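Following: one structure in structure tokens, then a few remarks.
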Amino acid sequence: QVQLVESGGGSVQAGGSLRLTCAASGDTIFGRCMGWFRQGSGNVREGVAYIDDRGRVINEDSVKGRFTISRDGAKNTVYLQMDSLLPEDSGMYYCAANRQPSNCGPRPQKSLFGAWGQGTEVTVSS
């Protein structure tokens, strides 16, 4: 059972950058699809980006070209580099790991992910 802890959130002006970190413990992230989700004012947790064990990345349309998900197996850590931030990017960002080792598939669903962090807050001002 893997535990996830996010960090790196904060307050930034529009156009700025943040790098979120998801530190895993208790189990390896090897073989797992890893994802970042966010929950804004709409109270819906939506997917942001995903990465499988082979480094294959899926980005949601809203963040394509601006966010980059990556993983470092040696550090058991996943990152989300967030550039050109917009106010609508504001929200609580969550890291997640799939329930069992597997690929992400073409369109990952929230149900795939069984381990979640507590979130890190991102606020982007105009």
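Output the residues belonging to the range 103-126 that are among the small types (Gly, Ala, Ser) and at pLDDT 95 or above.
Answer for the range 103-126, where residues must be among the small types (Gly, Ala, Ser) and at pLDDT 95 or above: Ala115, Gly117, Gly119, Ser125.
Could you figure out which of (1) part of a loop (DSSP other than H, G, I, E, B); (2) touching a strand residue (DSSP E or B) at 6+ places or on another chain (Cβ under 9 Å); (3) touching a residue at least 24 places away in the same chain (Cβ under 8 Å) isn't true of Tyr79?
(1)
Could you check the range 1-27 and list, in sequence order, the residues that are part of a loop (DSSP other than H, G, I, E, B) and either among the hydrophobic types (A, V, I, L, M, F, W, C) or closer than 11 Å to Cys95 by Cα (or both)?
Passing the criteria: Val2, Ala14.
Any residue in the range 92-110 that's in contact (Cβ under 8 Å) with a residue 12 or more places away in the chain and closer than 16 Å to Ala24 by Cβ: show its pairings with residues that are open to solvent by 30 Å² or more (accessible area, probe 1.4 Å) and not hydroxyl-bearing (Ser, Thr, Tyr) at Cβ separation under 6 Å, as long as the two are six or more apart or on different chains.
Sorted first by the residue in the range 92-110, then by its partner, the pairs are Tyr94/Trp116; Ala96/Trp116; Asn98/Leu112; Arg99/Gly114.
Assess whether Gly55 counts as being outside any loop (DSSP other than H, G, I, E, B) and farther than 19 Å from Val2 by Cα.
no
At pLDDT 95 or above and either closer than 11 Å to Phe37 by Cα or polar (S, T, N, Q) (or both): is that true of Gln100 in this structure?
So Gln100 does not fit the description; no.
Being under 19 Å from Ser90 (Cβ atoms), over 9 Å from the mean Cα position of the chain (by Cα) and surrounded by 11 or more Cβ atoms within 10 Å (Cβ to Cβ) is the filter here, so list the residues in the range 28-67 that pass it.
Scanning the range 28-67 gives Gln39, Gly40, Arg45, Glu46, Asn59, Glu60, Ser62, Val63, Arg66, Phe67.
The values are calculated or read from the model by the stated rules, or taken from the named source; none is laboratory data. All figures in this text were calculated on a predicted structure; none of them were measured in a lab. Cβ coordinates were reconstructed from backbone atoms using ideal geometry, including for glycine residues, and neighbour counts include every protein chain displayed. Accessible surface is based on the protein model in full, side chains and every heavy atom, while ligands, DNA and RNA are left aside. Shrake-Rupley method; radii C 1.70, N 1.55, O 1.52, S 1.80 Å.
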